[in-house]
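A short write-up of the structure that comes next.
The values are calculated or read from the model by the stated rules, or taken from the named source; none is laboratory data. All values derive from a computational prediction rather than experimental measurement. A quick note on method: Cβ atoms are made from the backbone with ideal geometry, for glycine too, and the neighbour counts reach across all protein chains shown.
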Amino acid sequence: MPTASNLLIRKAKQSIFSLHPRNTALDAARIMNEQSIGSVLVMDGANLQGIFTERDMLRRVVVERRDPSEVRLEEVMTSPVACAAPDTTLDELRMVVKNRRIRHLPVVDGQSVIGVISIGDLNIAEAESQEQTIRYLSHYLNVP
C-alpha cells in the first residue's frame, strides 16, 4: 500500500513554503499567489506552529475586515495542525482530509516537516491507481 513518503517521492521537486508566526497575512497571500499554492506552513525555526490557508484568509481576515498587512499569522493561523507520518497510507490520508475537511496535510518525520500533501496530490494518486487498474483489467479481458 502506497504511503505519504511514497507520494512525496513521486511528486516533482517540492519546496516547503513557510513563514514565521510574526509575518503578516499579506506576506502569506503574496507567497501563495506567486507559487500558486493554497497554504503556507507557519514555522518558528524548524518548529511547526500552524498552517495558514486560503480558508483562513477568508474566514479570519477578509470576513472580519482585518487589514492583511497588519494581522500576524500567529493571530489567524490554524493550530494545532493535523499532520501525517511518512508511513501513513494513502487511504488513511484520504480519511483525514475528508473527515477534517482540510486540503493540506504536512508530513512530519519526528520533529521535521518533510513535505506537504494536498488534496490535489491525493486525487492524482487515485487517478493513477484507477488508470493502472483499468489497464490491468483491459489486458486481462483481452488475453486470448
Of the conditions (1) more than 13 Å from the chain's Cα centre (by Cα); (2) under 23 Å from Ile119 (Cβ atoms); (3) modelled with pLDDT under 95, Gly45 clears all except one; give me its number.
-> (2)
So, of the residues in segment 91-110 that are in contact with a strand residue (DSSP E or B) (Cβ under 7 Å, 6 or more places away or on another chain) and outside any strand (DSSP E or B), which turns out to be nearest to Ile16 (Cα to Cα)?
-> Arg103
Within segment 67-107, how many residues are surrounded by 15 or more Cβ atoms within 10 Å (Cβ to Cβ) and charged (D, E, K, R)?
-> 5
Which residues, counting only those in segment 67-90, are at pLDDT 95 or above, hydrophobic (A, V, I, L, M, F, W, C) and in a helix (DSSP H, G or I)?
-> Leu73, Val76
Kindly indicate whether Ala28 is touching a Ser or Thr at 6+ places or on another chain (Cβ under 9 Å), in contact (Cβ under 8 Å) with a residue 12 or more places away in the chain and surrounded by 18 or more Cβ atoms within 10 Å (Cβ to Cβ).
-> yes
Considering residues that are closer than 14 Å to Asp121 by Cα and crowded, with 16+ Cβ neighbours inside 10 Å, the number found within segment 1-25 is 5
Expected single match for of a type in the set (Val, Ile, Thr) and either closer than 12 Å to Leu93 by Cα or modelled with pLDDT of 80 or more (or both) among Ile117, Ile134 is Ile117
Name the pairs: first residue in segment 53-79 and more than 14 Å from Leu19 (Cα to Cα), second residue among the hydrophobic types (A, V, I, L, M, F, W, C) and assigned to a loop (DSSP other than H, G, I, E, B), Cβ to Cβ under 9 Å, at least 6 apart or on different chains?
-> Arg55/Ile102; Asp56/Met77; Arg60/Val71; Arg60/Met77; Val61/Val71; Glu64/Val71
Evaluate the following for Arg30: is it of a type outside the set (Val, Ile, Thr), within 16 Å of Pro106 (Cβ to Cβ) and at pLDDT 95 or above?
-> no
Residue check for Leu141: surrounded by fewer than 18 Cβ atoms within 10 Å (Cβ to Cβ) and in a helix (DSSP H, G or I) | yes
Test result for Ile134, surrounded by 10 or more Cβ atoms within 10 Å (Cβ to Cβ), under 19 Å from the mean Cα position of the chain (by Cα) and either of a type in the set (Val, Ile, Thr) or part of a helix (DSSP H, G or I) (or both) = no
